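The values are calculated or read from the model by the stated rules, or taken from the named source; none is laboratory data. It should be emphasised that the depicted structure is a prediction, and the values quoted were computed from it without experimental measurement. Quick reminder, even Gly has a Cβ in these numbers, built from the backbone with ideal geometry, and neighbours come from all protein chains shown. The area values use the complete protein model at the heavy-atom level, side chains included, leaving out ligands, DNA and RNA. Shrake-Rupley method; radii C 1.70, N 1.55, O 1.52, S 1.80 Å.
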Amino acid sequence: MAAENSLKSREVSAMIKQGFISDSTLSFSPSRSISRLYSPLSSPSSKTLSSPPPPPLSASSPNSQAHPLLGRSAQQNQTLYEMMSDEQHRESRLSDDKRRKLQDRVAKLLDDAPFRDPNWGGMVSGDVRLTVVARDGFRVSMDVHKSVLASKSRFFAEKLRRDRGVSHSVEISDCDDVEVYVETVVLMYYEDLKKRLIGEEVSKVLGLLKVSSAIMFDMGIASCLEYLEAVPWSEDEEEMVISNLNQLRLHETASEVLLRVSSEPSTSARVDDILMRLLTGVLQAKDDKARREMKALISRLLREDAPNNSNRLDISKDTLYHLCHRCVSSLVLCLSEATSTDATRRDRGVLMSEIAREADNIQWIVEILVDKKMADEFVKLWADQKELAILHSKIPTMYRHEISRITAQLCVAIGRGHILVPKDTRFSLLSTWLEALYEDFGWMRRACRSVDKKLVEDGLGQTILTLPLPQQQAILLNWFDRFLNKGDDCPNVQKAFEVWWRRAFIRECSSEQDNSQLQITVCKYPS
């Protein structure tokens, strides 16, 4: 007896551990017993395990305050089995509800179906019993007319061409969507299918197209394609349309639909020509707000295409550099006119606005060049602008600081390794424009909210550190003197200064003490 009790105790303990019954020491429901919880898993011949209910907890019990969950729902004491059972019941209820709604929709379709009219076409009743069966067993039977099926569907015409005057029974099994099959059959009784499709969702029409294609219902295929060609699509629907048409292989008949998303190379204009027109339009825009919005839009679209590496947006390097040269030339003319002593010159404020605008245009094109990994030639182009740099020094800082942002932009890209140019080009860039960047930095930092001070300083410092050590020394010693006099109005590149110091002195001393050399020994073995 003791052994039997021990065995039962171990069984109960195992069930508790597996979560199929609850531990009485963990249960806060005094009415719950192990026998009731275990009974669903017990066979008719098995003995019922039971245990006495725990004593009720009185309000004065010292443990009554230790269990704040006493008054809560019994769902919190559910066993694993009960939770699994409840989940199955919920899924079953959802499935039943879904089936009930489907039955209601199919019933409405059949109620309004022409073949339910006893006087349709002068015929008393259908001579074909058509049954559509879903994969889950749901089936719908319809008494339809052989003459309609055979005249509208090449599939049914082939299946029903024998045994004239004999009633048929046709069953279509494993249907993806019974409702769509039923609706397709209903559509075969109408002549103006386009009118019937108005207002339907794209996904529904794609389902009708799929069934129409399967049963070779040509009028249905044509009407669905006509609908898809005319109705607007959302982005998700567009993907569905393309995917379904590709799967159905309706290449010729669906060509009108697909013209919305693709074009033949022979009839499409070159992408480079289109982008040239768009970029030029932005550069010459008169409305500043619209110009900013279109700049942001085109930049975003070009970046979206970049990860695909598909070269769909094949804007040529020549096109971008043509725009660069044009903007730089225009900037030189603006600066020349602004520094002219001619009394008939235009309003100075207008000229200064044009200078800032041309500088902003160059920044935008350089941004595209960097994203397209084509900016290396622009570094040399900008480094060679000696005349422009001289003119720049004659313009008040408040009007010229946008020009120095171009230099800062290039330094950031070089410092990040996004532009690869020879050391002579890097040194030439700093020789031409570093002084101007120093002079404009304070105003640029205060006037331009989009300028990240730390980003510019890091980029400049890293660019300096890519140069040979003597050039680093000359530039950084000059920076040291300027920083002491200008403070925050000068870029703070002291991190680069520290790196140069270690390279020039500490590492040099260490290398002098290390006289070890790599030894290579060749051993020859007898053959």
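Odds and ends about this structure:
- Members of segment 121-130 that are open to solvent by 10 Å² or more (accessible area, probe 1.4 Å) and either at pLDDT below 80 or closer than 12 Å to V185 by Cα (or both): G121, G122, M123, V124, S125, G126
- Qualifying residue in segment 365-385 (condition: farther than 25 Å from K317 by Cβ, over 38 Å from the mean Cα position of the chain (by Cα), of a type in the set (D, E) and assigned by the TED database to the domain that holds Y321): no
- The residue list I403, I419 contains one member that is open to solvent by less than 30 Å² (accessible area, probe 1.4 Å) and not in a helix (DSSP H, G or I), which is I419.
- Matching option when the condition is touching a Phe, Trp or Tyr at 6+ places or on another chain (Cβ under 8 Å) and part of a loop (DSSP other than H, G, I, E, B), among E200, E191: E200
- Test: residue in segment 433-445 that is within 42 Å of the chain's Cα centre (by Cα), modelled with pLDDT of 95 or more and surrounded by fewer than 19 Cβ atoms within 10 Å (Cβ to Cβ): no
- The one condition in (1) surrounded by fewer than 16 Cβ atoms within 10 Å (Cβ to Cβ); (2) more than 33 Å from the chain's Cα centre (by Cα); (3) charged (D, E, K, R) that E201 fails to fulfil: (2)
- Criterion violated by D174 - all others in (1) open to solvent by less than 60 Å² (accessible area, probe 1.4 Å); (2) at positive phi; (3) among the charged types (D, E, K, R) satisfied: (1)
- Qualifying residue in segment 129-147 (condition: in a helix (DSSP H, G or I), more than 38 Å from the chain's Cα centre (by Cα) and over 26 Å from R99 (Cβ atoms)): yes
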